[in-house]
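Since the structure comes first, as structure tokens, the remarks are kept for the end.
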């Protein structure tokens, strides 16, 4: 049975930032780690323009999907079982991607528990999914639903029902399984119910966790992540868990008209994530028949923003002083960035974030104050800085060797 081994663990004294050394599929990996973001890859042809030298430096790819009820019901009954084949089998056929860990994460936009014989449908659906992701993630549920009568979202799936679903889906995935399984923790409940949910999942023996931000900024869920670590710390498990976050909004408050915008994804690490997955925008609002879309140039520049590590900002590529150097560094042309701004900027930014995580590790280990390093970033104000602060009662700087093979 393959597994994930944590060879070393170091926790920052002031923030929830930590360093873990992993061994997975004979590959050494140090966290925090940013996975390659393939959410905006439209066709496999776009991969041919990517530099192999850079592709070889990142062995984990994620693509996330929002699944509607009709897809859930239909796919388990199709004889050819094409679900996710385009985002797994097609990738594996490309030589430069064949040895990479390809992750497909799923968010269900409905409550499957309300479907008659839902466990049979869930088993069939997950049987297909099992073969099309190298790490397994129990699909997250959107627990809130917009209520037109009161003009706001209301919780429609209670925490007890959510946990029951997670256990059912986990039991389905672990059948004759040799892959790590991550379980979701909804970020849509309040801090108190989230803490109770985390407590129960930990007591059930789960150690791999996935937080689906559903298109929100990392800073918006800082209290929930803080609560997560508080519960984990009380049980003395902070050196045994893995926390994966994805569907993170790239910027804190994005606005297409702004030249620069404060970054969100890079802040996931001092908040306490080990893995930073894909970016995703919030669900688009329906504007009605009188809506006039912004000029294409404005949309292109916004989608193609590049990460500024000096200030922790995302800058429109036409106004970023480092654009030419980055394009040269990653062997890309400006015409490619203009044609496919989201995908190529995602590619560049994934590597730039990993380099920034390396600087964060250095600040923690050798400069002795990651917090001071972060305080020097222009986009980080006092409120954001305080969201990183660790409980003074937390255990600090522990190191250990652990195997997590039991949680497969």
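All of the numbers you see were taken from the coordinates with simple rules; none came from a lab. It should be emphasised that the depicted structure is a prediction, and the values quoted were computed from it without experimental measurement. Cβ coordinates were reconstructed from backbone atoms using ideal geometry, including for glycine residues, and neighbour counts include every protein chain displayed.
Observations on the model:
- With the highest mean first, a sort of the peptides 368-374, 249-255 on other beta-carbon atoms found within 10 angstrom per residue produces 249-255, 368-374.
- Here the calculated FRET efficiency for residue 309 and residue 257, from their Cβ-Cβ distance with R0 = 25 Å, stands at 0.60, rounded to the nearest 0.05.
- The slack between residue 30 and residue 192, meaning 0.36 nm per residue of separation minus the straight C-alpha distance, is 55.2 nm.
- Using the Cβ-Cβ distance between residue 385 and residue 355 with R0 = 30 Å, the FRET efficiency computed as 1/(1 + (r/R0)^6) comes to roughly 0.85.
- If R0 is 60 Å, the Cβ-Cβ spacing of residue 171 and residue 369 corresponds to a FRET efficiency of close to 0.85.
- On full extension, the segment bounded by residue 153 and residue 292 gains 47.4 nm, given 0.36 nm per residue less the C-alpha separation.
- The simple spin-label model puts a point 7 Å past each Cα toward its Cβ; for residue 74 and residue 58 those points are separated by 3.1 nm.
- Prolate/oblate/rounded label for the chain (Cα gyration tensor, a/c 1.5): rounded
- For region 340-390 and region 71-149, distance of Cα centres in Å: 32 Å
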